[in-house]
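The structure appears right after this line, and notes come after that.
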Amino acid sequence: MAAPHLDGHKTAKKRKITDKNIPNAILQNPEFLQDSQMYQSLLDMERKLDWTMTRKKVEVQDALSRVPTTTRTLRIFLSHTVSGQAWQTGTEQPAANFETGEGIPAWSFRVEGRLLEPQNQRIRDKTPQRKFSTLIKRMIIEVERDPALYPEGNIVEWPRAPGQHNPSVDGFTVRRTGDVPTKLRVIMFLDHFPEQYKLSPDLSHVLGIKEESRLGVIQTIWNYIKLQGLQDKSDRRMIHADEKLRLIFGADTIAFQQLPELVNRHLGTPDPIVLHYTLNPTVPPPERPSAWDVEIKMEDATLKNRMATVVQMSKESLATLTKLDEEIAILAQSLHNSHLKRTFLQSFADDPAGFIQTWLESQSRDLESILGSGPTEGMTVRQEELRRSEFFQLPWVEEAVAIQEGLRLAARGMQ
């Protein structure tokens, strides 16, 4: 039966010591006053730091739930190449093979794009570059030429079907036959995050912005309402319209919960990016492509990674801090034990007899409490022992009586 008990004792989880305070007697001791004050200051600083870090972590977690956004620069490149042209073959009318396609004058138009790196970006903050096709919703390429002479399609459209797998590419290429100068127009709808909307002329005149997200528009109009003092003073849920907002709301007074619905009526699809390009196959193409820079709003992956790092402390740092806290708690407990030992030995050195007497009385009270006997039952443990004759036959009784009698005679002689 003993083995299970021992095994259970071995497997019992050891309780960790968490108290890092030191005894007040040490804090008030002049010899340790300076060190004690420094230690208490460090403890207070640690509490403030823990509180500040906890509050910041909560704020960062709240910010992560809203997904931080940023504005990046998208550089778009337009270029072309040609093949089978007269200046390439050296003949005015090259022999064309319509079955294989060899010798037929043709050109290829290419649209590419890439995000520019932010300035002063650290190397460790770099994230994988997104493909060009993931940054646009829809793109249309219009070719201006006579459809009677060129039966090929003059309009090329690339829609990104939602919910379907589309290969991510860095550019798009359109190939057509021809040997005459051609104008092309590229119409591009960017995939902003959060989604952007074009404001109506009335709302744009009030807020001073042309394109913004739905949440950004509502926040801007709410700031305008607070700045102009249009909120009802008695019922804060009601908004009074001024001359500008009356055209948007269509009423003199509206409820706050109607604001998103009214704002949605004045939001539309944003204007696309329109780029013009002239392709001339009769001359060699330019060595460098034409480039345009446009702004696109997207998720700030760099800031999100930094914030996530702040919230999720590394395992190594957490283990180091836990180990240091345990060592400090053990040292504080050691100070407690040393203080108790010092108090015990100091009391014994100052008054050995009194200390022993006090200690015996304390032990006697503890024994009485354990045995369940005491004054409440009419006698104590010592009185019970005095009633027995064996008590007076102990070897130390005779010496104790002699000492007691000597003290009594000495006291009488002094009188």
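Do we have ILE218 as in contact (Cβ under 8 Å) with a residue 40 or more places away in the chain and over 32 Å from the mean Cα position of the chain (by Cα) here?
No: the conditions fail for ILE218.
Exactly one condition in (1) out of contact with any Asp or Glu (no Cβ under 7 Å at 6 or more places or on another chain); (2) at pLDDT below 90; (3) within 30 Å of PRO118 (Cα to Cα) is not met by ASP271; state its number.
Exception for ASP271: condition (2).
Does LEU33 satisfy the condition of being surrounded by 10 or more Cβ atoms within 10 Å (Cβ to Cβ), at pLDDT 75 or above, on the phi < 0 side of the Ramachandran plot and outside any loop (DSSP other than H, G, I, E, B)?
Against the criterion (surrounded by 10 or more Cβ atoms within 10 Å (Cβ to Cβ), at pLDDT 75 or above, on the phi < 0 side of the Ramachandran plot and outside any loop (DSSP other than H, G, I, E, B)), LEU33 qualifies.
Is there a residue being without any contact (Cβ under 8 Å) to a residue 12 or more places away in the chain and closer than 24 Å to ALA251 by Cα anywhere in the stretch 185-202?
Yes, there is a match, as at least one residue in the stretch 185-202 is without any contact (Cβ under 8 Å) to a residue 12 or more places away in the chain and closer than 24 Å to ALA251 by Cα.
Give me a count of the residues in the stretch 216-244 that are aliphatic (A, V, I, L, M) and touching a strand residue (DSSP E or B) at 6+ places or on another chain (Cβ under 8 Å).
6
Would you pick out the residues in the stretch 44-82 that are of a type in the set (A, V, I, L, M), more than 27 Å from ALA301 (Cα to Cα) and at pLDDT 90 or above?
MET45, LEU78, VAL82
Condition check ((1) in contact (Cβ under 8 Å) with a residue 24 or more places away in the chain; (2) in contact with an Asp or Glu (Cβ under 7 Å, 6 or more places away or on another chain); (3) surrounded by 12 or more Cβ atoms within 10 Å (Cβ to Cβ); (4) not assigned by TED's automatic domain parsing to the domain that holds ALA255) across all residues:
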| site | (1), (2), (3), (4) |
| --- | --- |
| VAL156 | no, no, yes, yes |
| THR173 | yes, no, yes, yes |
| LYS183 | yes, yes, yes, yes |
| LEU207 | no, no, yes, no |
| LEU227 | no, no, no, no |
| GLN231 | no, no, yes, no |
| MET238 | no, yes, yes, no |
| LYS244 | yes, no, yes, no |
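Going through LYS304, LYS323, LYS226, LYS297 one at a time, which residue ends up being assigned to a helix (DSSP H, G or I) and either modelled with pLDDT of 90 or more or among the hydroxyl-bearing types (Ser, Thr, Tyr) (or both)?
LYS226
The values are calculated or read from the model by the stated rules, or taken from the named source; none is laboratory data. Everything quoted here is computed from the prediction, not taken from an experiment. Please note: Cβ atoms are built from the backbone with ideal geometry, for glycine as well, and neighbour counts cover all protein chains shown.
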